[in-house]
Amino acid sequence: MPSDVEYSPVGEGLGMRDYWLYVWLRRAAVIAAHVTGLGLTLLISLLSRPGTSLFSWHPVCMSVAYCLCMTEGILLFSAEGSPFCFKSRQCKVRLHWFCQALVLIAAAIGLGFMLASKNVSELPHLVTWHSWLGISTLAATALQAACGICMIFPKLLPLSSSPMKMKLYHATCGLVVYLLATVTVVSAMFSDWFQATVKGLAWWGFLLLPLFPALVVMNQITNAHLPRKKLTS
């Protein structure tokens, strides 16, 4: 039975001038999120001085995984400000797979360097909030990747839910994983290493940087998958 309810597009009810201002603001926000993710990754990599110790590779790998690859893997679906906005949906999905595979690889390498550094230094594992958040984020990332594989190959795991519902569940869980990763990145900035490296106003700037891409990603996913203003026929 066809539904008599439709959902209005984003920007419904705005005048043309306000609508285009809204579109350009969204586009500027997405572009800024790209720049912020890349910039944060480069800054953390420079601060870590990779190669000076085993630990130095941990923040590099984790920032590449979550600040760069995961952010880009989600933002490529954006209709505004994405370099792949003119590509087909199938192309975007394949690029999403590639980015998320890089997330898992880089995160696993980063975890390996942290474990090796702790073992060499004979320091205990899982003694800080950051470490527990990190393990939780890695576990959630692996589970989300497994769900993604099930969506790619639905015959591997017969599910009763419709494809549209599965996409909604996958996007919602992806948002939760991304927000958890953002909290983990922010918690790293309270670590002894980071606070000894970055001080004063610069520290506050670093603390705020991961929050901006998170807001853009949250806005993108909610606008794409949550119902908006209803129009009755």
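Sorting 171-181, 41-51 by their mean Cβ neighbour count within 10 Å, with the most densely packed peptide first, gives 171-181, 41-51.
Applied to the stretch 202-211, the Karplus parametrisation 6.51 cos²θ - 1.76 cosθ + 1.60 on θ = phi - 60° returns per-residue 3J(HN,Hα) values of 4, 5, 5, x, 4, 5, 7, 4, x, 6 Hz, with x for Gly and Pro.
Summed over all non-identical Cα pairs, the Kirkwood treatment of the stretch 17-222 gives a radius of 18.1 Å. Remark: the stretch 63-69, residue by residue, has Karplus-estimated 3J(HN,Hα) of 5, 4, 5, 9, 6, 9, 5 Hz, where x stands for each Gly or Pro and the curve is 6.51 cos²θ - 1.76 cosθ + 1.60 at θ = phi - 60°. Going through the stretch 160-214, which trypsin sites (Lys or Arg not before Pro) have at most 11 other Cβ atoms within 10 Å and a DSSP loop state? Filter output for the stretch 160-214: LYS199. What is the distance in Å between the Cα centres of the stretch 180-206 and the stretch 53-119? About 20 Å separates the Cα centre of the stretch 180-206 from the one of the stretch 53-119. Working ranking of peptides 94-100, 68-74, 118-124 by packing, defined as the average number of other Cβ atoms within 10 Å per residue, highest first, is 68-74, 94-100, 118-124.
None of the figures in this text is laboratory data; all of them are computed from the coordinates on show. Owing to the predicted nature of the structure, the values given are computational and were not obtained by experimental measurement. Cβ: placed from backbone, ideal geometry, glycine included. Neighbour counts: every protein chain shown.
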